[in-house]
1. Can you confirm whether the range 132-146 contains a residue that is on the phi > 0 side of the Ramachandran plot, modelled with pLDDT under 90 and in a loop (DSSP other than H, G, I, E, B)?
2. For the range 64-92, which positions are touching a helix residue (DSSP H, G or I) at 6+ places or on another chain (Cβ under 9 Å) and either on the phi > 0 side of the Ramachandran plot or loosely packed, with under 14 Cβ neighbours inside 10 Å (or both)?
3. For the range 96-103, state whether one or more residues are more than 30 Å from residue 31 (Cα to Cα), of a type outside the set (S, T, N, Q) and in contact (Cβ under 8 Å) with a residue 24 or more places away in the chain.
4. Under 7 Å between Cβ atoms, which residue pairs at least 6 apart in sequence (or on different chains) link something in the range 19-44 that is within 23 Å of residue 105 (Cβ to Cβ) and part of a helix (DSSP H, G or I) with a partner that is modelled with pLDDT under 65 and of a type in the set (A, V, I, L, M)?
5. Residues that are part of a helix (DSSP H, G or I) and modelled with pLDDT of 75 or more: does the range 204-218 have at least one?
6. Please specify each residue of the range 65-86 satisfying the condition of being part of a loop (DSSP other than H, G, I, E, B) and more than 21 Å from residue 108 (Cβ to Cβ).
Amino acid sequence: MPRWRSACRLLLAILGLAMSPLSARAASLETLLMPGPVIAGHAKYEQECSRCHDRADRSRQAALCRTCHEPIAADIAQHKGFHGRLPGAETAQCGACHTDHKGRQADIVKLETASFPHAQTDFPLQGAHATVACTACHMAGRKHREAASACIDCHKKQEPHEGKLGRDCASCHEAGGWARVRFDHAKTRFALTGKHVQATCAACHMGPQPSVPPATHRMTSTPARAAPRAQSVTRRPVGPARSTTT
């Protein structure tokens, strides 16, 4: 395009601004000078530059971002979540990672799932969780921070206790595999002593599976005792000598 045409268009825009009200003139001038359209999620604020930018103090931009993104602001204040654990999160500029004005369809999150440091979140990937696909916990259409974090949220169908042992699965099970159990029998009303220490769980707890305690198994319950085995006893003979077994 010839330079004179560009100059004419710019001149017409300036003349139009000069004839418009002062407030609209300032907003329109900023819109004219902005580097590009904002993302679709910010589109409704595109004409309100002051929502994200302070003309007098550029360092306030991060604070203005947090005004809208309240959950992130709460994480930073409480030093939790991914953003709250970032070094210097209180003074960091959001735009250093999330640069806008790159178009409606631009990806300003830039989440690399393969290299994302999950250890810096509230849910470090431990044991078997380290090999689970991201999409198994992070559902499409939902924010990543909204993923369930309680064991029962994901493992309800595999939970054999029917919810009767509470929701603190980690008090007995390890993230490396549910079969690794750390049950402390001393905390029940039937502490294991003597020969009971060597007995298998299934010898007393007759669950639906040999290795799984029944739904009625509780930390405060007394395990069902096996019926006493018959013992051979020799009694003193009365009359004709004979042996009676009971």
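1. Looking only at the range 132-146, we keep the residues that are on the phi > 0 side of the Ramachandran plot, and these are 141.
Checking the rest, the ones that are also modelled with pLDDT under 90 come to 141.
When the remaining residues are screened for being in a loop (DSSP other than H, G, I, E, B), the result is 141.
Checked against the condition, which is being on the phi > 0 side of the Ramachandran plot, modelled with pLDDT under 90 and in a loop (DSSP other than H, G, I, E, B), the range 132-146 yields at least one hit.
2. Taking the range 64-92 as the starting set, the residues that turn out to be touching a helix residue (DSSP H, G or I) at 6+ places or on another chain (Cβ under 9 Å) are 64-69, 71-78, 80-86, 89-92.
67, 68, 71, 77, 78, 80, 81, 90, 91, listed by residue number.
3. So the first thing to find is which residues in the range 96-103 are more than 30 Å from residue 31 (Cα to Cα), and the list is none.
Within the range 96-103, none of the residues are more than 30 Å from residue 31 (Cα to Cα), of a type outside the set (S, T, N, Q) and in contact (Cβ under 8 Å) with a residue 24 or more places away in the chain.
4. Partner pairs satisfying both residue conditions: 32/13.
5. First, the residues of the range 204-218 that are part of a helix (DSSP H, G or I): none.
No, every residue in the range 204-218 fails to be part of a helix (DSSP H, G or I) and modelled with pLDDT of 75 or more.
6. Pass one, the range 65-86, residues part of a loop (DSSP other than H, G, I, E, B): 69, 79-80, 85-86.
Matches in the range 65-86: 79, 80.
The values are calculated or read from the model by the stated rules, or taken from the named source; none is laboratory data. From a predicted model like this one, the values you see are computed outputs, not experimental measurements. So basically every Cβ, Gly included, is an ideal-geometry build from the backbone, and we count neighbours across all protein chains shown.
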